[in-house]
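The values are calculated or read from the model by the stated rules, or taken from the named source; none is laboratory data. Just so it is clear, the structure is predicted and the values come from calculations on it, not from any experiment. With ideal geometry, Cβ positions are generated from the backbone for all residues, glycine too; neighbour counts draw on all protein chains shown.
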Amino acid sequence: MRGGQGAAEARVLQFTNCRILRGGKLLREDLWVRGGRILDPEKLFFEERRVADERRDCGGRILAPGFIDVQINGGFGVDFSQATEDVGSGVALVARRILSHGVTSFCPTLVTSPPEVYHKVVPQIPVKSGGPHGAGVLGLHLEGPFISREKRGAHPEAHLRSFEANAFQDLLATYGPLDNVRIVTLAPELGHSHEVIRELTTRGICVSLGHSVADLRAAEDAVWSGATFITHLFNAMLPFHHRDPGIVGLLTSDRLPAGRCIFYGMIADGTHTNPAALRIAHRAHPQGLVLVTDAIPALGLGNGRHTLGQQEVEVDGLTAYVAGTKTLSGSIAPMDVCVRHFLQATDFVVLDDSLHVQATYISGELVWQAEAARQ
Amino acid sequence: MKLIILDHYSQASEWAAKYIRNRIIQFNPGPEKYFTLGLPTGAFLDGEGAVDRSGESRQQGPGSTPLGCYKKLIEYYKNGDLSFKYVKTFNMDEYVGLPRDHPESYHSFMWNNFFKHIDIHPENTHILDGNAVDLQAECDAFEEKIKAAGGIELFVGGIGPDGHIAFNEPGSSLVSRTRVKTLAMDTILANARFFDGELTKVPTMALTVGVGTVMDAREVMILITGAHKAFALYKAIEEGVNHMWTVSAFQQHPRTVFVCDEDATLELKVKTVKYFKGLMLVHNKLVDPLYSIKEKET
């Protein structure tokens, strides 16, 4: 997706006096970039015999890879599940605003909606590279409507669906063309789900298990069919039980295809998951952990009533509920807040103090900078 | 020769680094007049250069002798006291057949432990290419590059436990030039631990400057630290010139400095050690006062 034309003539940028993440550790190393791509400075030195054209002092800060949010339903008043006339500008607004949270790519997420909404919205959100205009769109995440009634959470019951005999055709009829789709969340206990999972997987779409009452066996079978992700672990699935760990058990299952790593999203907003649960998941399977915001349109706005797809949502502080209920409805914690919460919960030794985003770079270009950092 | 004896590895490294610093600054290099420096390599080890609780350096393992010296030189550059802008470097050796970006290659060693931390221009660094199509031609070209640069001003090297300099294993001609050498079994066995203990993965050949090449330098500095080098040091300076202990060739060089720690002197005569320790007052004048390029700017 990145269109970096790494021509040998492009300027070489060297970020110095910084700490970068390598091999799971923070190392004091310089980061070299050319034409939007990270460079191997040793190769540059010995083969091209070049030095940097420009150096940028990072003041001892941490240079982290840009955050990727694979589950975000909207923000700043924009609701990706609304079939408005100009979906594109809504996506663009969110893309621009999340730069300040350190997010450089994301998957706009659509919650359970009627087919008309998908037919109208999905074609209007193409894959797009990031840049000064905003974070890159990696593809859509369609969460629902092929999910469990019992574990629908904030998804509207009226629009839930199951697969009929022509399972994959059903899915195509509901969503429309899948060119812009990157992730589909579904419940594997639904009939015919395996052919659907296989079809989606062969088309390069990531299948994620979520909003489901599947037991561990059903979840493992789904992984064999091609599923590779779990949507917001712990939330909207059966709780871990010692005789049937359910979907949560995938983290330590020994019945998965050899070499396959199962990834799982977790919302570390301080509300969706108790820190002790975060730690259990992390300790059980650290390599598969993916932080997501599951942010809703109320992200970045104040308390009060907002919409999410076909539902009304009430926001109070950092929690959001389906209006008039105690059902959690997405989150309003920005990605960098989630990262900090997660670090506090899992007690990393962090060399820096606060992990507040100072600047965001896409393809080596500065696309956002905190007020204090601006000179 | 000058035999410089310091108490510990860290002090020996620092003395050597100070000496190099003073030599470069007093030379006053510029765009028309580069300071040519010959450099040694070592191998990566776990906990290399670590200090124990008392702050003193741990007993050094083989292969990492120059690391402390490089660290000090990097420190001098970072403090603004020394610049490598007008310094040309020539490394002593490199393995044959090892990919340039292999973690154990001498290219990797020099990049990670020295070049990437200082302001030297890549075009001024020269390391033999162990993957050249014609190895002897590569060696001959290296000799030409040294000549073209005006010869080496100061060649810094180490010594193996078998008294070798660079990869000039016992039996190497004392007038040898840069060439391909087959490594001694001792060397291969010692290196196996850097290649996951697999003997088949250890390079068996290397390109190395010859004894004669180093002898051509205007000054030579040999760093020798650790008890495991003590016997080699004894053979090199208290016995005769002998091609079985190739470092002994430098007894016939007009300007050689041996920088050691106490442990490296364990096989020397008490008389030798006392004599040279007594000269430290004089020899320390070579590193004190310690010059800085900052003074030149004012």
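Taking the range B:232-266, which residues are assigned to a helix (DSSP H, G or I), within 16 Å of B:Gly157 (Cα to Cα) and among the β-branched types (Val, Ile, Thr)? Matches in the range B:232-266: B:Ile237, B:Thr246, B:Val247.
Note on the range A:114-154: among residues that are farther than 21 Å from A:Gly204 by Cα and of a type in the set (Lys, Arg), the one that is surrounded by the fewest Cβ atoms within 10 Å (Cβ to Cβ) is A:Arg149. Evaluate the range A:247-265: report whether one residue or more is touching a residue at least 60 places away in the same chain (Cβ under 8 Å) and either within 30 Å of A:Glu164 (Cα to Cα) or not aromatic (Phe, Trp, Tyr) (or both). Yes. Among the residues of the range A:97-127, those identified as within 14 Å of A:Phe80 (Cβ to Cβ) and part of a strand (DSSP E or B) are A:Phe106, A:Cys107, A:Pro108, A:Thr109, A:Leu110.
So that you can scan it fast, the table gives a plain yes or no per residue for (1) among the acidic types (Asp, Glu); (2) more than 17 Å from A:Ala236 (Cα to Cα); (3) in contact with a Gly (Cβ under 7 Å, 6 or more places away or on another chain):
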| site | (1), (2), (3) |
| --- | --- |
| A:Ala277 | no, no, no |
| A:His282 | no, yes, no |
| A:Leu291 | no, no, no |
| A:Met335 | no, yes, yes |
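Kindly indicate whether any position in the range B:112-134 is more than 14 Å from chain A (Cβ to nearest Cβ) and surrounded by fewer than 14 Cβ atoms within 10 Å (Cβ to Cβ). For the range B:112-134, residues more than 14 Å from chain A (Cβ to nearest Cβ) and surrounded by fewer than 14 Cβ atoms within 10 Å (Cβ to Cβ): present.
Scanning the range A:215-261 for residues that are within 23 Å of A:Ala295 (Cα to Cα) and either outside the structural domain of A:Thr201 (by the TED database) or aliphatic (A, V, I, L, M) (or both) yields A:Ile230, A:Leu233, A:Ala236, A:Met237, A:Leu238, A:Ile247, A:Val248.
With the structure loaded, tell me whether A:Ile68 is surrounded by fewer than 18 Cβ atoms within 10 Å (Cβ to Cβ) and at pLDDT below 90 or whether it fails that test. It is false that A:Ile68 is surrounded by fewer than 18 Cβ atoms within 10 Å (Cβ to Cβ) and at pLDDT below 90.
The set of residues in the range B:142-187 being crowded, with 17+ Cβ neighbours inside 10 Å, among the hydrophobic types (A, V, I, L, M, F, W, C) and not in a loop (DSSP other than H, G, I, E, B) consists of B:Phe142, B:Ile146, B:Leu154, B:Phe155, B:Val156, B:Ile165.
Where residues in the range A:20-56 are on the phi > 0 side of the Ramachandran plot and in contact (Cβ under 8 Å) with a residue 60 or more places away in the chain, which of them is nearest to the other protein chains (Cβ to nearest Cβ)? Across the range A:20-56, the extreme among qualifying residues is A:Gly35. Looking across the range A:196-255 at every residue that is polar (S, T, N, Q) and farther than 16 Å from A:His285 by Cβ, the one that is nearest to the chain's Cα centre (by Cα) is identified as A:Asn235. If the condition is being away from chain B (no Cβ under 14 Å) and part of a loop (DSSP other than H, G, I, E, B), then the range A:57-79 contributes A:Cys58, A:Gly59, A:Arg61, A:Ala64, A:Pro65, A:Gly66, A:Asn73, A:Phe76, A:Gly77. Being part of a helix (DSSP H, G or I), surrounded by 23 or more Cβ atoms within 10 Å (Cβ to Cβ) and hydrophobic (A, V, I, L, M, F, W, C) narrows it down to one of A:Leu278, A:Leu299, so name that one. Unique residue meeting the criteria: A:Leu278.
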